[in-house]
Amino acid sequence: MKWFIFLLLLLNFGLWYGAGAFQGPERSKVIASGNLPRVASLKAEESVEAAAPKGASDDQSLSTAGAQTVSGIGGSGESSVELSEQGADMPALVCGRLGLIPSLNTAKALVAGQPMAGEVGLDWQEVIRELPSFHWVIIPPQPPAVALKQFRDIQRQGIDSYLVTEGENRNAISLGLFESREAAISVLEEKKRQNLNAVLANFPRNQISYALVFKAEPDLVKDVVQAVKTDYGADFDFVEINPC
């Protein structure tokens, strides 16, 4: 009986050992446990797997967005450059000058009569032109009493003259101003024959006139010049248009 029981135990042990030896490789715990993955789980895992590249794409998007932001700033800068370049391409202001106008009142009236005077800064300015000197026949300066006595004697003789009362030639006696040197020399010789101690000197002279000035875009220059010329009623001696 004991041997029979021992043999049964031995047989059971052999069957158990044999079954373990011929058993296939162990499956994953998920399957072995009988818990199959749900569809929701699979979708979640797919989402996680997709999240990685999507995350990279998001990073790229962020980088792109950042680049767009920088580009936006750069674009603003480019806009500034474009504006600057556009400004460089835009016509530069030019300065105009019209003259000569002999009367100050005329110059002021022309400025006041122009509707666009304020737009282009129309104004007047004094222009002093140096002209060729006159040839001056004079009796040189003398002490005041002597000069006055001689001047009165000359006046009694009917000689055209005047007494200089100011300047570096004060107390000189003027006997005539001449544009022609030949005419001046002729009068000088005549005065010497009259026993007058006359000499020939240069009389510097300047002409004071007026010009109109303005500053405008080139497109307006023609209109400004034409408008002022129409009001003036005559041609100007010069019309100067230069970059400001």
Would a scan of the stretch 192-207 turn up a residue that is under 30 Å from Ala112 (Cβ atoms), touching a Pro at 6+ places or on another chain (Cβ under 8 Å) and open to solvent by 60 Å² or more (accessible area, probe 1.4 Å)?
no
Taking Ile138 as the residue in question, decide whether it is assigned to a helix (DSSP H, G or I), β-branched (Val, Ile, Thr) and crowded, with 16+ Cβ neighbours inside 10 Å.
no
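Checking the structure you have, find out if any residue of the stretch 177-190 is among the basic types (Lys, Arg) and open to solvent by less than 50 Å² (accessible area, probe 1.4 Å). First the steps, then the outcome.
First, pick out the residues of the stretch 177-190 that are among the basic types (Lys, Arg): 181.
Narrowing the set further to residues that are open to solvent by less than 50 Å² (accessible area, probe 1.4 Å) leaves none.
No, that holds for no residue.
Please find, within the stretch 127-160, the residue that is farthest from the chain's Cα centre (by Cα) out of those that are closer than 30 Å to Ser103 by Cβ and among the aromatic types (Phe, Trp, Tyr).
Trp136
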Against the condition touching a strand residue (DSSP E or B) at 6+ places or on another chain (Cβ under 6 Å), surrounded by 12 or more Cβ atoms within 10 Å (Cβ to Cβ) and at pLDDT below 95, how does Ala216 come out, does it pass?
no
Do you know which of the residues in the stretch 155-167 that are of a type in the set (A, V, I, L, M, F, W, C) and assigned to a loop (DSSP other than H, G, I, E, B) is nearest to Ile138 (Cα to Cα)?
Val164
Going through Arg170, Arg152 one at a time, which residue ends up being in a helix (DSSP H, G or I), open to solvent by 30 Å² or more (accessible area, probe 1.4 Å), out of contact with any Phe, Trp or Tyr (no Cβ under 8 Å at 6 or more places or on another chain) and over 30 Å from Pro115 (Cα atoms)?
Arg152
Touching a Gly at 6+ places or on another chain (Cβ under 9 Å) and assigned to a helix (DSSP H, G or I): is that true of Ala184 in this structure?
yes
Leu177 passes all but one of the listed conditions (1) at pLDDT below 95; (2) closer than 20 Å to Ala145 by Cβ; (3) of a type in the set (A, V, I, L, M, F, W, C); the exception is number (2)
Checking Pro132, Pro91 in turn, the sole residue that is part of a loop (DSSP other than H, G, I, E, B), of a type outside the set (A, V, I, L, M) and either open to solvent by 30 Å² or more (accessible area, probe 1.4 Å) or modelled with pLDDT under 90 (or both) turns out to be Pro91
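Would you check if Lys192 is among the basic types (Lys, Arg) and farther than 30 Å from Arg97 by Cβ?
yes
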Looking at the stretch 155-167, which of the residues that are open to solvent by less than 90 Å² (accessible area, probe 1.4 Å) and not β-branched (Val, Ile, Thr) is modelled with the lowest pLDDT?
Gly167
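The values are calculated or read from the model by the stated rules, or taken from the named source; none is laboratory data. Predicted model only: the values in this text are computed from it and were never measured. Here Cβ is always computed from backbone atoms with ideal geometry, including for glycine, and neighbour counts include all displayed protein chains. When the accessible area is computed, the model is the full protein with side chains, heavy atoms only, and any ligands, DNA or RNA have been set aside. Shrake-Rupley method; radii C 1.70, N 1.55, O 1.52, S 1.80 Å.
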